[in-house]
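Derivation of every value follows stated rules applied to the coordinates shown; laboratory data play no part. All values reported here derive from a predicted model rather than from experimental measurement. Neighbour counts run over all protein chains shown; Cβ positions are idealised from the backbone, glycine included.
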Amino acid sequence: ILNVEQSPQSLHVQEGDSTNFTCSFPSSNFYALHWYRWETAKSPEALFVMTLNGDEKKKGRISATLNTKEGYSYLYIKGSQPEDSATYLCAFSNTGNQFYFGTGTSLTVIP
Amino acid sequence: ETGVTQSPTHLIKTRGQQVTLRCSSQSGHNTVSWYQQALGQGPQFIFQYYREEENGRGNFPPRFSGLQFPNYSSELNVNALELDDSALYLCASSLAAEDTGELFFGEGSRLTVL
């Protein structure tokens, strides 16, 4: 069983603050790293799919970076809004068909 | 909305019973994966089906079994239910030909075993 760790476990920020989360994963046999956003009572939704060391992806106010050599990825949210409140999951794969998920970072943005 | 639908959304069973969970994949997707999310944990890979064949299995006992049908919908069957099987079961479809492997999830089936 491969270990994927996310930190922090939970986070409360004020509206307008910028924040970031960390995902750590094994640095050997890397295939892909995914970030998912999961709102309560909905299904997890893919934010980013990252496959290359040094990848940087951006979608609006959210961006992510990837370092496969040292086994970590950062997710950044700039100017947090209440609608950003959700659990953010990262998932690592070394084969392409099986993903190992972290336990997630629960973000609450306070208006 | 992903187009992946799961049923039932909630169900309660007792120890020793059997359960079948169903998943309809997104149109055009030929691969379905099942994950179990127990309380306080991240989703754990159960198995994947690609074109009706099992294509990878996680660390789950044989009483967890599955099927994929010609229309690529899928079932997860769990026999001899145990209390620890209480969890949210997520189905995700994907297009195996894609090298990204992006997963499109349903909203899950929440199973409670009493």
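Below is a table of values for the structure above.
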| quantity | calculated |
| --- | --- |
| Per-pair calculated FRET efficiency, R0 = 35 Å: A:Ala41 and A:Asp17 via Cβ, rounded to 0.05 | 0.90 |
| Projected area, mean over directions - chain A, Cα convex hull, nm² | 6.5 nm² |
| J(HN,Hα) series, region A:48-55, from Karplus relation 6.51 cos²θ - 1.76 cosθ + 1.60, nearest Hz, glycine and proline x | 9, 10, 10, 10, 10, 4, x, 3 |
| Those trypsin sites (Lys or Arg not before Pro) in region A:59-111 that DSSP places in a loop and that have at most 13 other beta carbons within 10 Å | A:Arg61, A:Lys69 |
| Rounded to whole Hz, the Karplus (6.51, -1.76, 1.60) HN-Hα couplings of region B:4-9, x for glycine and proline | 8, 10, 10, 8, x, 7 |
| Inter-label distance for B:Leu11 and A:Ser10, nm, one decimal - labels placed 7 Å from Cα along Cα-to-Cβ | 3.1 nm |
| Pairs of alpha carbons in the protein assembly as shown whose separation is greater than 22 Å (percent) | 51 percent |
| B:Tyr89, B:Tyr49 arranged by Cβ crowding within 10 Å, fewest neighbours leading | B:Tyr89, B:Tyr49 |
| Once exposed loop GluC sites (Glu not before Pro) are cut out (DSSP; at most 14 other Cβ, 10 Å), longest piece of chain A | A:71-111 |
| Net charge dipole size for chain A [Lys, Arg +1 and Asp, Glu -1 on Cβ; Debye, nearest 20] | 200 debye |
| At R0 = 30 Å, FRET efficiency that the Cβ-Cβ distance of B:Ala96 and A:Asn3 yields, to 0.05 | 0.70 |
| Efficiency of FRET from Cβ geometry, A:Gln81 and B:Glu54, R₀ 30 Å, rounded to 0.05 | 0.10 |
| Loop sites in region A:42-111: chymotrypsin sites (Phe, Trp or Tyr not before Pro), DSSP, at most 12 other Cβ within 10 Å | none |
| Partner chain coverage, peptide A:43-54 - average Cβ within 10 angstrom | 4 |
| Low-density loop cleavage sites - trypsin sites (Lys or Arg not before Pro) in region B:54-112, where at most 14 other Cβ are within 10 Å (DSSP) | B:Arg63 |
| Residue-by-residue Karplus 3J(HN,Hα) for region A:68-78, coefficients 6.51, -1.76, 1.60, Hz, glycine and proline x | 7, 5, 9, x, 8, 9, 10, 10, 10, 10, 9 |
| The protein assembly as shown, dipole about Cα centre (Lys/Arg Cβ +1, Asp/Glu Cβ -1), debye to the nearest 20 | 180 debye |
